[in-house]
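In what follows, a structure is listed as structure tokens, so that the remarks can point back to it.
Taken together, the values in this text are just the output of simple stated rules run on the coordinates, not laboratory data. Source: prediction; values computed, not measured. Note that each Cβ is placed from the backbone with ideal geometry, even for glycine, and that neighbours are counted across all protein chains shown.
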Amino acid sequence: MTNIKANKQNISFLNKKSVVAWSIMTPSLLLFAFFIWGPLLQNVIYSFSRTRNFDIEGFYGFSNYVKVLADPRFTQALGNTFLYVVYSLIIGFFIPILLALLISEVVRTKSLFKVGFYLPNIVPAIAVILTWKIMMDANDYGFFNIILQKLGLGRSLWISNDQLSIPLIIMTLTWKSAGATMLIYLATVQSIDHALYEAARIKGLSVWKRLRYITIPALLPNIKLLLIIQIISVFQIFYEPMIFMGLTNDQANTLGLLIYKLIYTTQDTGQAAALGVLTMLILFIFTYVYLYFDKKTQKE
């Protein structure tokens, strides 16, 4: 009888805890459903519908998807998006790691360097892009062209050059955001036990070996997480090429910018929604494959 009574009390206590937990979580879950799942479901409905602006006129099947896949702008935007990813890994991914490693070796004025590299994150993104756009202007009054002319060199087209537009946009984004990512890596580097480095020095390990066997393994969890976050963020690039290149130039189009153009230029909400779903599926497949191989590597 005593055990039964105790069990009833435990169950009652757990029920009370569940009620409290659910009462705390319910407002957040409702907001999440309203602002995330609601628009997502609406987007899927649009993708299978014949639309006029934002009005649904009827079921359209997979026709919107067929039109998107047959549109040469989709192929170009998809290729550009993957180019953005590649350049972001070449230019933007390793720079914060390198900065964190260099600043961790600074004895004095470390705070000054941290503040200095983080400052661009405080500046509004639109202001950063407009500033760099003016600096990279192809005319004679562009800042970089002024420097080239002072050096006796010819002016460059910079952002107007089709081959340079995507790398320069990524360079601008890296200049703005590298500081915040650097602080995350720096915090991890500074949390490593200095006794490990002292032991490595006593054993005569070189700087490269200390990085390979101590620093990089400590940074690896952050590297994996920030890698997937960066790739997802790059897939969502939208207003940067729009401001740099304008709406009439498709050369630096991304999937996100093409969605915007389909909605507000051609007023084809159905195709835009279909492209949004395709983008989501691409990211889902990539994330699944990445996590699968990551889990497989950890087991080995």
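3J(HN,Hα) couplings calculated from phi for the range 276-290 with the Karplus curve 6.51 cos²θ - 1.76 cosθ + 1.60 (θ = phi - 60°) are, in sequence order, x, 5, 4, 4, 4, 5, 4, 5, 5, 5, 4, 5, 5, 4, 4 Hz; Gly and Pro show x. Charges were assigned to the Cβ only: +1 to each Lys and Arg, -1 to each Asp and Glu. The resulting dipole of the chain about its Cα centre is roughly 1280 debye. Backbone phi angles across the range 21-31, fed through the Karplus curve with coefficients 6.51, -1.76 and 1.60 (θ = phi - 60°), yield HN-Hα couplings of 4, 5, 5, 6, 7, 4, x, 5, 5, 5, 5 Hz in residue order; Gly and Pro are listed as x. Residues whose amide H comes within less than 5 Å of that of Thr51, counting only those at least five positions distant or on another chain, are Glu57, Gly270 (H built at 1.01 Å from N in the peptide plane). For the chain, the mean residue ellipticity at 222 nm estimated from helices alone is -23500 deg cm²/dmol, where every DSSP H run of n ≥ 4 contributes -39500 (n - 2.57) and the total is divided by all residues, rounded to the nearest 500. Exposed loop positions in the chain were taken to be trypsin sites (Lys or Arg not before Pro) whose DSSP state is not H, G, I, E or B and which have at most 12 other beta-carbon atoms within 10 angstrom. Between these positions, the longest stretch is 1-107. Along the range 241-249 the Karplus relation, 6.51 cos²θ - 1.76 cosθ + 1.60 evaluated at θ = phi - 60°, assigns HN-Hα couplings of x, 5, 6, 5, 9, x, 7, 7, 9 Hz to successive residues, with x for each Gly and Pro.
For the chain, the Cα gyration tensor yields ellipsoid semi-axes of 39, 37, 18 Å (square root of five times each eigenvalue, largest first, whole Å). Result for the chain in a Gaussian network model with C-alpha springs under 10 Å: among Ile122, Ile166, Ile24, the largest mean-square fluctuation is at Ile24. Each of Gly142, Ile229, His194 was placed along the dipole of the range 71-299 (beta-carbon charges, centred on the mean Cα), and the one lying farthest toward the positive end is His194.
Projecting the Cα atoms of Ala127, Tyr239, Val207 onto the dipole axis of the chain, where Lys and Arg carry +1 and Asp and Glu carry -1 at the beta carbon, places Val207 farthest toward the positive end.
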